[in-house]
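Novice: Structure provided below as C-alpha cells; questions to follow.
Read-outs: derived from the displayed coordinates by stated rules, not from any lab. Because the structure is predicted, anything quoted here is derived from the model rather than measured. Cβ sites come from the backbone with ideal geometry, for glycine too, and all protein chains shown count toward neighbours.
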Amino acid sequence: MNSLFESVADVIASRFGVDREAIAPESTFDDLGLDSLSQIELVTALRKRLGADIDDEQMAEFSQVSEVVAKLEEIGVKV
Amino acid sequence: MGGFAAAITGIGLVTPAGIGVPANWARFVEGTSTAAHHPDLDALPVNMACRVPDFSATRLGLRGAWQWDRYTQFAVVATLEALSGAGLTAGNWPDSSRVAVVMGSGAGGTATLEAQHAALLTDGPSDVSPMTLPMGLLNMAAGQVAIEVGANGPCLAPCTACASGASAIGIGRDMIRSGAADIVIAGGAEAPITPLYVSAFARMRALSRRTDDPGTASRPFDSTRDGFVLGEGAGVFVLESEEHARARGARPVARVIGYGASADAHHVTSPHPEGRGAKLAVRAALADAGLSGGDVRYVNAHGTSTPLNDSVESGVIRELIGSGTPVSSTKGVTGHPLGAAGAIEAAAAALTVHHGVIPPTANLTAPDPAMDIDLVHKAARHGPVEVALSNSFGFGGQNTALLIAA
C-alpha cells in the first residue's frame with residue numbers, strides 16, 4: 001500500500017502540478033483541486049505510468065486518493 | 001468628434017516583446033525584431049518564429065494553468081495586468097453581471113487539439129484527454145477569463161482570423177455604448193506556433209523564408225519583404241464608459257472613438273486588389289467617429305510583411321488618410337500573432353496617443369517606393385498624436401478598423 005500510494009501521489013503531482021507534500025492517502029480530489037475531468041485524465045496517466053487498468057466509470061466512483069490506491073492493489077498493480 | 005468614446009482604463013500585453021506593458025512599449029519604441037530560430041521547429045518548412053520569452057503561467061502564480069492551452073494562459077495573464085492597471089480587483093465587482101468578456105482568437109487551442117489528435121491516431125480513443133475540448137475550443141480563453149475574474153456578464157469569442165482581437169475591442173465598445181455592460185474585458189489571444197499551423201502557412205507561401213537571418217525576416221513595407229513571421233501572445237483592454245471611469249476616479253489611458261468592419265467578399269486569402277473591403281472598414285470607422293481621414297495623425301498598419309498585404313494596405317492609407325500621415329507596423333517587432341494582433345496593435349496605438357511617441361517599423365531599412373506613404377522607420381518620432389487608426393485584416397476577407405484617441 002505504501003509504495004503504491006507513493007507512486008500514485010507522484011503521478012498526481014507531476015501530471016497536475018499539485019504540491020507533492022500536500023498529497024495524503026485521505027486527500028480528496030476536491031482537496032487537491034482536481035475536478036471530474038481531471039479524474040478521467042488521471043485514468044490515462046495511471047495507465048501510462050503504472051500500467052494500471054482502471055476505467056473511467058470506476059474512477060468516477062472514487063473521491064479520495066486511498067480509494068484509487070486500494071483499487072490498484074485489488075487488481076494487482078505492482079510498482 | 002461626434003461619436004461615442006469608450007475609455008481604455010487598463011491594458012495588458014503578453015507578446016514576443018515581453019510580458020507586461022512596460023517591456024512591450026520599450027521594445028516597440030526601440031523597434032527591434034524578436035524573431036529567432038527555434039530548434040524544436042527544425043523538422044518544419046520554416047524554423048523561425050516570434051515567441052513569448054520565458055513564459056510560465058505556473059511561475060506567474062496561476063493555479064490551474066495546467067488545464068489551459070497556452071493561448072488561454074496568455075489571455076489570463078494579460079487580463080490580470082489590464083485589471084490591475086485599471087485599478088480593478090478580479091471578483092470584487094459591484095455587480096458581476098455587468099462585467100463582460102470578449103476575447104477573440106483565430107486558432108484557439110490548436111496546440112492541444114493537434115497533440116490530442118496525434119494521441120488518437122497513435123494510441124487510440126481511450127488515450128484522448130478529457131481536457132481536449134475544455135482546453136482546445138476557441139471560446140475557452142474567454143470562458144476561462146470569465147471564470148478567473150468572476151465576470152458574469154456576456155462572454156464571447158469573436159473569430160475574424162487575424163482581425164479577431166480588433167473585432168473584440170469593437171464589439172466590446174458597442175456593448176458599453178448599448179448599455180449591455182459597464183465594464184468589458186476585450187482583446188485577443190493566440191498561440192499558433194505549432195506543427196500544423198507552421199506547415200499550413202508555409203504551404204500557402206505566406207511565411208518569410210529568411211531563415212538564415214531570422215532577425216531581419218519580418219520587415220513590413222520594405223522592398224525586400226517576403227512574408228510574415230508567425231508570432232503569439234495576447235492583448236487586452238479594460239473598456240468602460242467615460243462616465244463610469246470618472247465616477248470611480250479611473251484615468252483613461254486612451255479612448256476607442258471609432259470602429260468599422262467589413263468583408264472583402266472577394267477571396268479567402270488574397271485581399272481585394274484595390275482594398276475595397278479595407279476601405280469600407282476605415283470609412284465606417286471614420287464615420288462612426290465623425291472624423292475625416294485628414295484627422296488621423298498616425299496609422300498602426302496591419303502591415304504583415306507579405307508583398308500583397310502591404311502593397312494593398314498602403315494604397316488604402318494613401319487614398320483615405322493621406323500620403324503624409326505617419327505609418328508603422330508593430331509586426332516588425334512581434335511577427336504576426338494572428339488573432340491577437342489586432343488587440344496588441346490597438347494597445348500600441350493607445351500607447352502612441354498616450355505618450356505622444358510613434359514607434360518605428362522594425363527592420364524597415366529600404367522602404368518600398370511603391371508604398372508612397374510616410375513610413376516611420378529607423379527611429380521613433382516624438383510629438384502629440386490626437387488620433388490613431390489601427391487596421392486589422394483577416395483571412396476570409398474580414399476587415400476591422402479602430403480609431404483611438406488620447
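Novice: Output the direction-averaged projected area (hull surface divided by four) of the convex hull of the alpha-carbon atoms of the protein assembly as shown, in nm². Each step should come with its number before you reach the end.
Specialist: Numbers: hull surface 92.2 nm².
Hull-based average projected area comes out at 23.1 nm².
Novice: Let me ask you something else. What's the FRET efficiency of B:ALA26 with B:ARG63 using the Cβ-Cβ distance as r and R₀ = 35 Å, to the nearest 0.05?
Specialist: Numbers: r = 30 Å, r/R0 = 0.86.
Efficiency computed from Cβ-Cβ geometry: 0.70.
Novice: Now for a separate question. Convert each backbone phi in segment B:382-388 into a coupling constant with the Karplus relation 6.51 cos²θ - 1.76 cosθ + 1.60 (shift: θ = phi - 60°), then list the ³J(HN,Hα) values in order as whole Hz, x for Gly and Pro.
Specialist: Values, residue by residue: 10, x, x, 10, 6, 9, 10 Hz.
Novice: Could you tell me the relative contact order of chain B? Use alpha-carbon pairs under 8 Å, at least six residues apart, and round to a whole percent.
Specialist: With pairs under 8 Å counted, the relative contact order is 24 percent.
Novice: Stretch B:ARG381-B:HIS117 to full length: gain in nm at 0.36 nm per residue minus the Cα-Cα span?
Specialist: Values: separation 264, 0.36 × 264 = 95.04 nm, distance 4.82 nm.
Taking 0.36 nm per residue and subtracting the Cα distance, the gain is 90.2 nm.
Novice: Between B:ASP372 and B:ALA180, what's the calculated FRET efficiency when r is the beta-carbon distance and R0 is 56 Å? Round to 0.05.
Specialist: On the way: r = 42 Å, r/R0 = 0.75.
So, using R0 = 56 Å, E works out to roughly 0.85.
Novice: Tell me the Kirkwood radius of segment B:258-405: reciprocal of the mean inverse pair distance over distinct alpha-carbon atoms, in Å. Numbers along the way, then the final one.
Specialist: Working: mean 1/r = 0.0677 Å⁻¹.
By the Kirkwood definition, the hydrodynamic radius is 14.8 Å.
Novice: Among B:ILE317, A:ILE23, B:ILE373, rank each residue by its count of other Cβ atoms within 10 Å, from fewest to most, as a rough exposure measure. Write out the running numbers ahead of the final one.
Specialist: Numbers: B:ILE317 28, A:ILE23 20, B:ILE373 23.
Ranking B:ILE317, A:ILE23, B:ILE373 by Cβ neighbours within 10 Å, fewest first, gives A:ILE23, B:ILE373, B:ILE317.
Novice: Once you order the gyration tensor axes a ≥ b ≥ c over the Cα atoms, which shape class does segment B:27-132 get: rounded for a/c under 1.5, otherwise prolate or oblate by comparing a/b with b/c?
Specialist: On the way: a/c = 2.54, a/b = 1.26, b/c = 2.01.
Oblate is the answer for segment B:27-132, as a/c is 1.5 or above yet b/c matches or exceeds a/b.
Novice: Give me a single rounded figure for B:129-135: the average over its residues of other chain Cβ atoms within 10 Å of their Cβ. If you can, show how the numbers build up before the last one.
Specialist: Numbers: counts 5, 11, 6, 1, 1, 2, 1.
Taking the mean over all residues of the peptide, I get 4.
Novice: Here's another thing I want to ask about it. Considering chain B as a Gaussian network with a 10 Å cut-off on Cα pairs, which listed residue, B:PRO134, B:PRO94, B:PRO220, attains the greatest mean-square fluctuation?
Specialist: Judging by the Gaussian network model, the answer is B:PRO94.
Novice: Using only the alpha carbons of segment B:255-344, determine the length spanned along each of the three principal axes and report them from longest to shortest in whole angstroms.
Specialist: Projected onto its principal axes, the Cα set of segment B:255-344 covers 31, 30, 24 Å.
Novice: If the elastic network links every pair of Cα atoms under 10 Å, which of B:PRO45, B:PRO130, B:PRO154 fluctuates the most in the Gaussian network model of chain B?
Specialist: So, out of B:PRO45, B:PRO130, B:PRO154, the one fluctuating most is B:PRO130.
Novice: Just the projected area, averaged over all directions, of the convex hull on the alpha carbon atoms of segment B:1-68: how many nm²? Write out the running numbers ahead of the final one.
Specialist: Working: hull surface 33.9 nm².
One quarter of the hull surface, i.e. the mean projection, equals 8.5 nm².
Novice: When DSSP assigns beta bridges and you keep just the ones with both residues in the protein assembly as shown, what percent turn out antiparallel, to the nearest 5? Don't skip to the end; give the middle numbers.
Specialist: Values: 43 of 62 bridges.
Close to 70 percent.
Novice: In sequence order, what are the phi-derived ³J(HN,Hα) couplings for segment B:137-154 according to the Karplus relation 6.51 cos²θ - 1.76 cosθ + 1.60 with θ = phi - 60°, rounded to whole Hz, with x for glycine and proline?
Specialist: In residue order, the calculated couplings are 5, 6, 8, 7, 4, 4, x, 5, 4, 4, 5, 4, 9, x, 8, 9, x, x Hz.
Novice: Which ³J(HN,Hα) values, rounded to whole Hz and listed in residue order, are derived for segment B:114-131 from phi using the Karplus coefficients 6.51, -1.76 and 1.60 in 6.51 cos²θ - 1.76 cosθ + 1.60 with θ = phi - 60°, glycine and proline given as x?
Specialist: Calculated HN-Hα couplings, in order: 5, 5, 6, 5, 5, 5, 4, 6, 8, 10, x, x, 6, 9, 6, 5, x, 8 Hz.
Novice: Let me ask another. From zero outward in steps of 5 Å, how is the percent of C-alpha pairs of chain A spread across the bins?
Specialist: Percent of pairs per bin, in order: 3, 17, 33, 31, 15, 2.
Novice: Ranked by Cβ crowding within 10 angstrom, fewest neighbours first, how are B:VAL14, B:VAL296, A:VAL18 ordered?
Specialist: Numbers: B:VAL14 30, B:VAL296 25, A:VAL18 19.
Neighbour counts put them in this order, fewest first: A:VAL18, B:VAL296, B:VAL14.
Novice: Would you mind checking which residues have amide H under 5 Å from B:LEU156's amide H? H placed 1.01 Å from N; only 5 or more apart, or other chain.
Specialist: HN-HN under 5 Å from B:LEU156: B:VAL101, B:VAL102, B:MET103.
Novice: Straight-line reach from A:LYS78: which lysines have Cα under 25 Å away, leaving out those fewer than 8 places along the same chain?
Specialist: Filter leaves A:LYS48.
Novice: Which of rounded, prolate, oblate describes chain B, given a ≥ b ≥ c as roots of the alpha-carbon gyration tensor eigenvalues and a/c under 1.5 marking rounded, otherwise prolate only if a/b is larger than b/c?
Specialist: oblate
Novice: Sticking with this one: For labels at B:SER84 and B:HIS38 in the simple 7 Å Cα→Cβ model, what's the distance in nm?
Specialist: Once both label points are built, they end up 2.4 nm from each other.
Novice: By count of other Cβ within 10 Å, fewest leading, how are B:HIS354, B:HIS266 ordered? Please list the in-between numbers first.
Specialist: Working: B:HIS354 17, B:HIS266 13.
Ranked by crowding around the Cβ, least crowded first: B:HIS266, B:HIS354.
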